[in-house]
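Let me begin by presenting the structure, written as C-alpha cells, before commenting on it.
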Amino acid sequence: MHRTGEPPAQQPSKAQTLDQINQLLSHLLPFSLSVKSFTSRWQVLRSKLATVKSLLTEISDSPHWSENELLPTLLPNLLSTLLRVQTLCEECSDPAKTPGKLLMQSDLDMASGWLSKQIHHLDLLCRSGVLRQSTAIVLSHPSSNSTKDDLVLYIRDVFTRIQIGGVEFKRKALESLIQLLSEDEKSAGLVAKEGQVGYLINLLDLNTDPSIREQAVLAVSMLISMSEQARKCVFEEGALGPLLRIIESGSVTMKERAVLAVECITNDPDNAWAISAYGGVPVLLDLCKSGSVAAQLHGVGAIKNVSTNEDVRIALAEEGAIPVLLQLMVSGKPSAQEKAANCIAILASSGEYYRDLLIQEKGLQRLVHLLHESSSSDTLEYVLRAIHSLSSSDCASRILSSYTTFTIQLAELIKHGSLMLQYISASLLANVTTSEEKKRAIAGCMGSLVKLMESAKPDGLQEVAANALVSLLAVKSNRKELVKDEKSVMKLVQMLDAKNDAISKKFPVAVVAAIMAGGSQGCRKRLVEAGAYGHLQKLVEAEVAGAKKALQRLSGNRLKSIFTRTWSN
C-alpha cells in the first residue's frame with residue numbers, strides 16, 4: 001500500500017516485463033543443467049523453458065506485438081511461473097534444503113503443467129498472425145468490402161481471445177463472433193474452417209461463467225443453422241452432449257437455442273445414432289412435454305429427424321414418445337403439429353409394432369381429427385400418410401369405414417388438394433371399405449379421378465385413381481352419373497386410344513368394364529358414341545389384359561340383337 005499523498009506504483013510496461021522474463025530464462029536454462037535431483041523432470045522443464053524462449057523471440061520479432069491486449073495478462077502470469085521454477089531450481093540445487101520427495105515431485109509437475117498451458121497460449125498467439133497486424137486492423141469489424149484474408153485474420157483473433165482471454169475478453173470476443181454471423185451467414189463456413197470450434201464448444205460446459213455460456217450457446221446454434229460445413233464441424237467436435245445437458249438444466253432461452261442446434265445437427269441422418277448414445281431421447285421428450293413453445297417446436301423437430309433410425313425408434317417407443325407426439329399433434333402450434341405428424345407418419349410406416357402402439361393410444365382418431373382441422377397442405381400430407389399406413393390394420397380399417405366425414409374429406413382432397421394429397425386420398429379411397437351410401441355421397445370426385453388417371457407422375461397415381469374410380473362405380477347411380485359428364489367420358493375414351501401411350505391401357509379398360517358391369521343401355525350408348533368400341537377392338541387385338549371382357553360388356557346388346565335377327569329369319 002502506498003503512503004498517503006503518494007501516487008500508486010506504476011505497473012511495468014509490456015516491454016519491461018518481457019525483458020525481465022528473458023533475463024530470467026537466460027539464467028534458468030544453464031542453471032537447471034546443474035540440478036542433480038529429479039533429473040528426468042528437470043529435463044522436461046528445461047525443454048519447456050527453451051520452447052518459451054523461442055516463442056518469446058518470435059513474439060518480440062513481430063512488428064505489432066506490443067499493441068496486443070492479451071499480453072498484459074499473459075506476460076505477468078508467465079513471469080510468475082518462471083519465478084516459481086527458479087525457486088524450485090534453487091531448492092533442488094541446495095544440499096542444505098531437503099524438501100519432501102513427493103511434495104517436490106508434485107511441485108515440479110504443477111510447474112510443468114503451468115508452463116504447458118502458457119506455451120499453448122503463446123503458440124496460439126503466434127500462429128494466429130494477429131501480432132503482425134496493427135490493432136486497428138485486427139479489431140475493426142469486417143465490412144462488406146473486406147477481403148477474405150481480412151476476415152480470416154479477424155476470425156483467428158476472435159478465437160485467440162476466446163481461448164486465452166479472461167471473462168471480459170471472452171465476452172467481447174463472443175459478441176464479435178455473434179455480430180459477424182448475424183451480418184453475414186456465409187461467414188459460418190469460414191468460421192468453422194479457420195476458428196478453433198472445439199474451444200467454443202468448451203464454453204458450453206456447466207462450470208463456465210453463465211453469461212459466457214449463454215453467448216456460446218447462441219454462437220453455436222447460429223453456426224450450425226447457417227452452414228452444413230459448420231454443422232459437421234460442431235458435431236465432430238463433440239457438441240451434442242453439452243447441448244443436451246443445457247436442454248436439461250439451462251435457462252429457457254438457452255434451452256431454446258440449444259435444442260435448435262440439436263435439431264440442425266440431427267438434420268443429417270448420419271448423426272441420428274448419437275442422440276441415443278448421449279441419452280438424448282428422454283431429454284427431448286421432457287422438453288416436448290413442458291418446454292416453451294419454441295423449445296417444443298425444435299424438440300419435436302429433432303425427434304422427427306432421429307426417428308428415421310431404427311435403434312432410436314425403439315428408444316422412442318420405450319420412453320413413451322407416442323403419447324407425447326400425439327398430444328403435440330392435436331394441441332401444439334401449427335408448425336409443431338406438422339413436425340409431430342411427420343414423425344408419426346414415419347413411425348406408422350416402420351412396422352406393425354409401432355402401428356399397434358399408435359392404435360392403442362387412439363392415434364388414428366387424433367389423425368382423423370387433425371385431418372379436418374388443419375389447413376396446412378404439408379401437415380395434411382403427413383396425416384394422410386400416417387392414416388394410410390395404419391389402414392393396413394383390420395382394426396384401423398374398420399374404424400375408418402365408420403367415419404362418414406373422413407370419406408367426404410378424402411373426396412374433397414381429391415377434388416381440391418395438391419397432387420400428392422390427391423394421390424394418397426385416392427389410394428385410401430380405393431383401399432378402405434366404404435358403404436354404398438357414402439360412395440353415392442362422394443360421386444362428385446369421380447371427374448377428378450378420371451383427370452388423375454391422365455397424370456404420368458408420380459408413379460402409381462394412375463393405378464390408385466383407377467382403383468378408386470372402379471370402387472365408386474360399384475354403385476349403379478354413380479355409373480350413370482359419370483357417363484353424364486361428357487368431359488370425363490371423352491378423357492376416358494382418349495385414354496383407350498392405342499396411340500396414347502401416356503397411360504397403361506389396363507386402367508381405362510378396367511374403368512369401362514366397371515361402368516358396364518350393370519349392362520346399362522344408357523351407359524353403353526354414351527361410351528359407344530364417344531368411340532370406346534373401336535378402341536377396345538384394337539386393344540383386344542393387342543391382347544391388353546381385361547380388354548376382351550370390357551368389349552363383351554360394351555357389345556352385349558349388339559350380339560343379342562344379331563342373335564335375335566338370325567333366329568327370326
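The values are calculated or read from the model by the stated rules, or taken from the named source; none is laboratory data. The model shown is predicted, which means the values in this text are computed figures rather than measured ones. All Cβ positions, glycine included, derive from the backbone under ideal geometry; neighbour counts span all protein chains shown. For accessibility, only protein heavy atoms count, side chains too; no ligands or nucleic acids. Shrake-Rupley method; radii C 1.70, N 1.55, O 1.52, S 1.80 Å.
Just to check your reading of the model, which residue among LEU180, LEU131 is at pLDDT below 85 and either outside any loop (DSSP other than H, G, I, E, B) or hydroxyl-bearing (Ser, Thr, Tyr) (or both)?
From the options LEU180, LEU131, the qualifying one is LEU131.
Does the range 384-391 contain at least one residue that is open to solvent by less than 80 Å² (accessible area, probe 1.4 Å), touching a helix residue (DSSP H, G or I) at 6+ places or on another chain (Cβ under 6 Å) and not in a helix (DSSP H, G or I)?
yes
Restricting attention to the range 204-223, and to residues there that are in contact with a Leu (Cβ under 8 Å, 6 or more places away or on another chain) and β-branched (Val, Ile, Thr), which single residue is farthest from THR266 (Cα to Cα)?
ILE212
Of the residues in the range 195-215, how many are part of a helix (DSSP H, G or I), open to solvent by 10 Å² or more (accessible area, probe 1.4 Å) and over 9 Å from PRO242 (Cβ atoms)?
So the count comes out to 7.
From the list ALA336, ALA315, which one is over 17 Å from ALA258 (Cβ atoms), touching a Leu at 6+ places or on another chain (Cβ under 8 Å), aliphatic (A, V, I, L, M) and surrounded by fewer than 24 Cβ atoms within 10 Å (Cβ to Cβ)?
Answer to the check: ALA336.
Can you go through MET490, MET446 and tell me which one is in contact (Cβ under 8 Å) with a residue 40 or more places away in the chain and open to solvent by 60 Å² or more (accessible area, probe 1.4 Å)?
Result: MET490 is the single residue among MET490, MET446 that is in contact (Cβ under 8 Å) with a residue 40 or more places away in the chain and open to solvent by 60 Å² or more (accessible area, probe 1.4 Å).
Which residues, taken from the range 372-389, are closer than 16 Å to GLN422 by Cβ and of a type in the set (A, V, I, L, M, F, W, C)?
LEU380, VAL383, LEU384, ILE387
What's the total number of residues in the range 142-159 that are in contact with a helix residue (DSSP H, G or I) (Cβ under 7 Å, 6 or more places away or on another chain) and either modelled with pLDDT under 75 or part of a loop (DSSP other than H, G, I, E, B) (or both)?
Qualifying residue count for the region: 1.
Identify, by number, the condition in (1) modelled with pLDDT of 85 or more; (2) within 29 Å of the chain's Cα centre (by Cα) that GLU185 doesn't meet.
Tallying (1) modelled with pLDDT of 85 or more; (2) within 29 Å of the chain's Cα centre (by Cα), GLU185 fails exactly one: (1).
Of everything in the range 242-263, what is of a type in the set (Gly, Ala, Ser) and surrounded by fewer than 15 Cβ atoms within 10 Å (Cβ to Cβ)? Give them in sequence order.
SER249, SER251
Could you list all residues from the range 515-546 that are closer than 14 Å to ASN478 by Cα and buried (at least 20 other Cβ atoms within 10 Å of the Cβ)?
ILE515, MET516, CYS523
Quick one: which helices (runs of 4 or more DSSP H) lie wholly within the range 252-357 and hold at least 2 residues that are touching a residue at least 40 places away in the same chain (Cβ under 8 Å)?
252-266, 280-290, 293-306, 310-318, 321-331, 334-348
Residues in the range 271-297 that are under 15 Å from ALA239 (Cβ atoms) and either open to solvent by 40 Å² or more (accessible area, probe 1.4 Å) or out of contact with any helix residue (DSSP H, G or I) (no Cβ under 8 Å at 6 or more places or on another chain) (or both): how many?
Result for the range 271-297: 2.
With the checklist (1) out of contact with any His (no Cβ under 9 Å at 6 or more places or on another chain); (2) within 21 Å of TYR403 (Cβ to Cβ); (3) β-branched (Val, Ile, Thr) in hand, flag the one item VAL330 doesn't pass.
(1)
Suppose the filter is closer than 30 Å to GLU541 by Cβ, buried (at least 16 other Cβ atoms within 10 Å of the Cβ) and at pLDDT below 95; does VAL475 pass it?
no
Within the range 402-429, which residues are assigned to a helix (DSSP H, G or I) and open to solvent by 30 Å² or more (accessible area, probe 1.4 Å)?
If the condition is that a residue be assigned to a helix (DSSP H, G or I) and open to solvent by 30 Å² or more (accessible area, probe 1.4 Å), then THR404, THR405, ILE408, GLN409, GLU412, LYS415, HIS416, LEU419, MET420, TYR423 are the ones that fit.
Would you confirm, using the coordinates I've provided, whether THR266 is out of contact with any Gly (no Cβ under 7 Å at 6 or more places or on another chain) and open to solvent by less than 50 Å² (accessible area, probe 1.4 Å)?
It is true that THR266 is out of contact with any Gly (no Cβ under 7 Å at 6 or more places or on another chain) and open to solvent by less than 50 Å² (accessible area, probe 1.4 Å).
Restricting attention to the range 486-497, which residues are in contact with a helix residue (DSSP H, G or I) (Cβ under 6 Å, 6 or more places away or on another chain), of a type outside the set (A, V, I, L, M) and at pLDDT 90 or above?
The answer is SER488, LYS491.
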